[in-house]
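The values are calculated or read from the model by the stated rules, or taken from the named source; none is laboratory data. Remember, it's a predicted structure, so these values are computed and weren't measured experimentally. Heads up, the Cβs are rebuilt from the backbone with ideal geometry, glycines too, and the neighbour counts pull from every protein chain shown.
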Amino acid sequence: MSGDSSRDPSRDASRDPWRVLVNVAQIPETGLHREIEADAAARQAMAGIAELREVISARAALDILPKRDGSYHVTGRVQARIGQTCVVTLDPIENDIDEPIDVVFAPPEQIPQMADLVDEGEDSDEDTPDPPEPIVGGFIDIGRLATDALFLGVDPYPRKPDAVFEQKLEALDPEDHPFAALKALRGKDGKNGS
């Protein structure tokens, strides 16, 4: 194990292929802007996790703003180009993803209290924010945040723009319907229903 304190050994690299850690102690009061781009290995691992043909590109632009209560508000966008397979034609296709990011990170000891506020807010008619994510070991993993947003933007049923599912219709045999057997039985015992 290396002496790099920014790495959390309990985190599985196969689950978090795009890791970009930001030390919250080094975020200035005015905030921090970061632009990140996934390398080829991270994109290949993300494609495997999301069961995509490929992740052609993945980048994010994020602003991290400290708040007075010790939490950090992260906003921005993740943009990606992914390779998928059309569910109709089975042809390879490419799709663009552009997902907004708006998440609050807080020290783990504050999360239960903040989550209770979110639960109380659900009873009102106002939009309720999600509970905050934990700051782990003094770091925010903006790569994982961008990965999660990218995965949310994946179309589970991608189709080529002109792809149409055509179901073959067969001419129905008038004697092949649910009541054909009943009709045959009625004919055998001589009753015609009139």
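Residues are listed down the side, and each one gets a yes or a no for (1) under 18 Å from the mean Cα position of the chain (by Cα); (2) within 25 Å of Ala80 (Cβ to Cβ); (3) surrounded by fewer than 14 Cβ atoms within 10 Å (Cβ to Cβ); (4) at pLDDT 95 or above:
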residue	(1), (2), (3), (4)
Met1	no, no, yes, no
Ser14	yes, yes, yes, no
Pro17	yes, yes, no, no
Val22	no, yes, no, yes
Ile27	no, no, no, yes
Thr30	no, no, yes, yes
Arg34	no, yes, no, yes
Ala38	yes, yes, no, yes
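Among helices (runs of 4 or more DSSP H) entirely within the range 97-194, having at least 2 residues that are surrounded by 12 or more Cβ atoms within 10 Å (Cβ to Cβ) and at pLDDT 95 or above singles out 142-152.
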